[in-house]
1. Restricting segment 291-319 to residues that are in a helix (DSSP H, G or I) and surrounded by 15 or more Cβ atoms within 10 Å (Cβ to Cβ), which is farthest from the ligand (Cβ to nearest atom)?
2. Taking the conditions exactly as written (modelled with pLDDT under 85, aliphatic (A, V, I, L, M) and surrounded by 15 or more Cβ atoms within 10 Å (Cβ to Cβ)), does residue 64 satisfy them or not?
3. From the list 288, 280, pick out the single residue that is touching a residue at least 60 places away in the same chain (Cβ under 8 Å), more than 17 Å from residue 372 (Cβ to Cβ), over 29 Å from the mean Cα position of the chain (by Cα) and part of a strand (DSSP E or B).
4. Just checking, which of 216, 142 is among the polar types (S, T, N, Q) and farther than 30 Å from residue 360 by Cβ?
5. Six or more apart or on different chains, Cβ under 8 Å: which pairs go from a residue in segment 239-255 that's in the same structural domain as residue 220 (by TED's automatic domain parsing) to one that's crowded, with 21+ Cβ neighbours inside 10 Å and basic (Lys, Arg)? Could you list them?
6. Give the residue that is nearest to the ligand (Cβ to nearest atom), with candidates limited to residues of segment 320-335 that are surrounded by fewer than 16 Cβ atoms within 10 Å (Cβ to Cβ) and in a loop (DSSP other than H, G, I, E, B).
7. Residues being in a loop (DSSP other than H, G, I, E, B), within 12 Å of the ligand (Cβ to nearest atom) and surrounded by 22 or more Cβ atoms within 10 Å (Cβ to Cβ): count how many of those fall in segment 251-276.
8. Which condition number does residue 217 fail, the rest of (1) surrounded by fewer than 22 Cβ atoms within 10 Å (Cβ to Cβ); (2) more than 17 Å from residue 312 (Cα to Cα); (3) of a type outside the set (Val, Ile, Thr) being met?
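The values are calculated or read from the model by the stated rules, or taken from the named source; none is laboratory data. On a predicted model such as this, the values are computed, not experimentally measured, just so you know. Cβ sites come from the backbone with ideal geometry, for glycine too, and all protein chains shown count toward neighbours.
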Amino acid sequence: MSLHNKRILLIISGGIAAYKALELIRLIRKSGGSVTAVMTKSAHEFVTPLSVAALSENKVYDELFNLTDEAEMGHISLSRENDIILVMPATANILAKMAHGIADDLPTTLLLATDSPVMVAPSMNVRMWEHPATQTNMQILQDNGVKIVGPDEGDMACGEFGFGRLAEPVDILTALNDYFSKGKILAGKHVLITAGPTHEPIDPVRFIGNLSSGKQGYALAAAARDAGAKVTLITGPSNQELPIGVTTIKIQTADQMLAAVSNALPADIAIFAAAVADWKVAKYSDKKIKKQAGIDDKTLSFIENPDILKTTSNLTKDRPQIVVGFAAETNDVLQNAQAKIKRKGCDLMVVNDVSPQTGIMGGDYNQVSIINKNNQNIVQLERASKAEIATQIIKYIGEL
Ligand code: C5P
C-alpha cells in the first residue's frame, strides 16, 4: 500500500474536529502506515487518549516533562523518528505557535525540534481562518516548507458557513499519499482503469453479465496509485473493497462505462481491464417479463455494445499516450491477442488464458503475457497473485 511502512507522528490539537483524527488513524493504518499520536492539553477535551491509543495501537504522548517518557524516548527522538509530522486538526493557536517558534508544551516542542517534513490540516471558525493574523501565519508556515491540506468550505460546528472546516480524513490520507509518491515512476500521471463485469439489463430484475470479479482491475488501480499516479477506476458491479486514494466511479452497463471513461479523460494512460459485455438486449422491458404459458418464443434479441477500448484507442482528441487492452482467451491465446491489438488500435495487450482449468477468472492468481502493437518483445510474466501481476504491469507501462 501507498503508506506502507510510513511512520506518521500525529499531533492532535484541541478543535471540535479532533474526533476525526480517529478515522484518519484507521485509514492510515489500513493503508499500511503506523501512527504515534501526541495530544495537546486541550485535545483531551475533545477526544480521549484511550481511543487514540486503541486505534493507533501505540502509546499516546502528551506531557513534555514526563521522565519515564524521556527515558524511553526523549522528545528529540520522538520528533525525528518518523517520516512526517501531521498536525490534525491544527487550530489557529497551534499554527500561530508553529509560525513563531513557540515551544511551550510537548507538541510544539516536537514541531520546533524536528527535521521531518510537516503537514498541517487547519480547522477553525471561518473568522479565525480569515483573520489577518492567521493568514500571515499560514504564509510563514508555507514559506517554511510546511505542507497544508484544506481547510474546506462548509458548515461549521458553530453554525457559521465558510472556509475553516477540517479537510476530510480521506483527503488528508490522499495528501499524505501524494507526498510519499513524489519521485515515483507514475508521479503526476493520470491513469484511467476499467474493471469488473458490466450488467446489461433485460428487465427490472434480470441482466446479462459475466464471471469477472474485478480483482485484476482493482489491483491495477492500487498498483498505479502506489506508483504515484492519480487514478480513476471505473468499475462494473464487483464485491472488491474499493481502493483508498483512488477516484472510483461505479457503473452498471457498457454504455455507462463508455460515458464515464469519456468524462474522466484526459488521461496519460488508460487500462481496460473490464470484462465488458459484448451485447445488450435490443429492447429493454421496463416491466418484468412474465413466464407465459404457451409462448414458444424464448428468444432475446441483442445489439452490440460500444467497444470502449477501440473507441478510446481511436480518439483523435484526448487519446491517452498509452492505451492498454486485455485479452481473455480460451484458445489460440497469443494469435488471437495479436489480431486483437490491431483490430482495437491499442498500444499494449495483456493476454491471459481464462480456460476454466486455469482458475484465473474470479481467482486470486493470474498468468499473463504483455504484447505491444509491433508484436515484438512478448513479455511472459510468471504466474503470480493478481496484486503482484498488477505491480509488474504498472512497472512495464511506467518504464515505457
Ligand atoms: O473484444 P474483447 O472483448 O475480447 O476485448 C477485450 C478488451 O477490450 C478488454 O480490454 C476490454 O476491457 C475491452 N472491451 C471494451 N469494450 C467492449 C468490449 C471489450 O473496452 N465493449
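1. Going through segment 291-319, the residues in a helix (DSSP H, G or I) turn out to be 308-313.
Pick out the ones that are also surrounded by 15 or more Cβ atoms within 10 Å (Cβ to Cβ) and you get 308-310, 312-313.
Details: 308: 3, 309: 3, 310: 7, 312: 8, 313: 9 Å.
If we take residues in segment 291-319 being in a helix (DSSP H, G or I) and surrounded by 15 or more Cβ atoms within 10 Å (Cβ to Cβ), then 313 is farthest from the ligand (Cβ to nearest atom).
2. On the way: modelled with pLDDT under 85: yes; aliphatic (A, V, I, L, M): yes; surrounded by 15 or more Cβ atoms within 10 Å (Cβ to Cβ): yes.
So residue 64 fits the description; yes.
3. On inspection, the qualifying residue turns out to be 280.
4. Numbers: 216 fails: farther than 30 Å from residue 360 by Cβ.
Answer to the selection: 142.
5. Taking only residues 6 or more apart or on different chains, the pairs are 240/215; 243/225; 245/225; 246/225; 247/230; 253/280; 254/280; 255/280.
6. 330
7. Of the residues in segment 251-276, 3 are in a loop (DSSP other than H, G, I, E, B), within 12 Å of the ligand (Cβ to nearest atom) and surrounded by 22 or more Cβ atoms within 10 Å (Cβ to Cβ).
8. (1)
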